[in-house]
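Peer 1: Provided herewith is a single structure, encoded as structure tokens, for subsequent inquiry.
Every number here is computed from the coordinates shown, using simple stated rules; none is lab data. From a predicted model like this one, the values you see are computed outputs, not experimental measurements. Don't worry about glycine lacking a Cβ; one is built from the backbone with ideal geometry, like all the others, and counts go over all protein chains shown.
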Amino acid sequence: MATVTLNLDEELSKVTQEMAEERHASVDEVILDLLQRAAAERRKPQSSQEAEDARMQRWDEFMAQFPKFDTGGPYTRDEMNER
């Protein structure tokens, strides 16, 4: 197994430590688990619809981190090009 050194800012380090405590695991185990999941997801063959669904799910999870951000959309083509 390879050894990897990471430099985490204080906030990311704190969040990672909290995740480890919630899982009753070490920080190393949490990071390894996240990397293994990402690698498995990348290797998994998917149909184009499954890939699109997975991409949209990741996008929704990402946007959920910003609850105050709302564009008010979806917009029609005319609304988007309105000046």
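Peer 1: Given Cβ point charges of +1 (Lys, Arg) and -1 (Asp, Glu) and nothing else, what value in debye, to the nearest 20, does the dipole of the stretch 10-60 about its Cα centre take?
Peer 2: On the way: 8 positive and 13 negative charges, 71 e Å.
Dipole of the stretch 10-60, to the nearest 20 debye: 340 debye.
Peer 1: Counting each DSSP H run of 4 or more residues in the chain as -39500 (n - 2.57), what helix-only mean residue ellipticity at 222 nm follows after dividing by all residues, to the nearest 500 deg cm²/dmol?
Peer 2: Working: 4 runs with 51 residues, N = 83.
Only helices count here, giving -19500 deg cm²/dmol.
Peer 1: Now a separate question. Mind sorting SER48, SER13 by how few other Cβ atoms lie within 10 Å of their own Cβ, fewest first? Spell out each step's value before the answer.
Peer 2: Working: SER48 7, SER13 13.
So the residues, fewest neighbours to most, are SER48, SER13.
Peer 1: In addition: Quick check on the chain: take the gyration tensor over C-alpha atoms, sort the square-rooted eigenvalues as a ≥ b ≥ c, and tell me if it's rounded (a/c under 1.5), prolate or oblate. Please report the intermediate quantities before stating the final value.
Peer 2: Numbers: a/c = 3.06, a/b = 1.68, b/c = 1.82.
Cα axes put the chain in the oblate bin.
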